[in-house]
1. Just for the Cα atoms in region 238-286, what are the lengths along the principal axes, largest first, rounded to whole Å?
2. Take the alpha-carbon centre of region 36-96, take the same for region 213-288, and report the distance between them in whole Å.
3. Taking just the C-alpha trace of region 54-140, give me its Rg and Dmax in Å.
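Every number here is computed from the coordinates shown, using simple stated rules; none is lab data. These numbers come from a predicted model, not from an experiment.
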């Protein structure tokens with residue numbers, strides 16, 4: 001959803017996006033995603049400022065102020081809308097349009113329930129860059145149901161690449177506990193297990209869901225750790241287990257996994273003696 005900027009209302013519309021000195025672009029994007037999930041307006045600055053909201057979450061009062069409904073080309077093709085502008089399509093919204101109709105136009109998962117849509121009035125002139133940016137921001141806000149089956153349906157409807165579809169499915173199926181007050185040790189453990197890109201996705205989603213703006217600094221710190229922590233290499237190999245007296249076979253992998261779990265829980269301890277003692281204890285408990 002997009003509307004023309006109104007300078008007199010800008011402070012109220014952008015209250016969730018005020019920045020502090022030293023704010024990073026990541027922090028601003030994350031706060032914008034949070035505002036979209038709450039159904040608020042977001043101001044996207046450019047040569048022509050754009051105020052945008054997400055049709056999926058915007059309240060009726062916000063939808064009533066909207067002038068345009070923005071769609072991706074894939075969605076427009078599904079609705080048989082001609083493509084006059086690059087990247088996205090902008091539809092004029094009539095004052096009589098109700099929220100259910102607007103959401104049905106935007107949401108491919110409701111096509112069977114709302115099969116009849118249109119006619120559409122499409123803008124043909126060049127669109128501000130902020131329009132395409134607002135569509136990308138709504139995608140980043142994670143405005144998809146936390147349901148793998150629904151995400152799979154959306155991925156097929158939008159004809160996403162396999163990489164993007166797998167990423168969405170992974171986010172929807174995430175069960176890790178991500179909170180703003182995670183300790184550094186807890187975060188490093190998750191980073192080691194699922195990797196930087198997947199943890200960053202989860203942090204952005206959980207930040208967007210957090211109703212407390214005062215937690216922003218904690219979420220930023222989590223993102224900073226995710227971006228800068230060097231993933232350590234587990235120091236033991238199958239050879240170490242065999243030198244401890246275990247014959248070659250599947251038991252080696254089980255022992256390594258057990259010791260690695262302990263090593264991760266111990267915050268990636270670098271003490272070689274402690275590692276050797278743990279390996280010895282696991283070998284004695286499982287191999288003899």
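1. On the principal axes, region 238-286 reaches 29, 18, 17 Å in Cα extent.
2. Taking the Cα centre of each part, region 36-96 and region 213-288 sit 49 Å apart.
3. For region 54-140, the Cα-based Rg and Dmax read 12.2, 33 Å.
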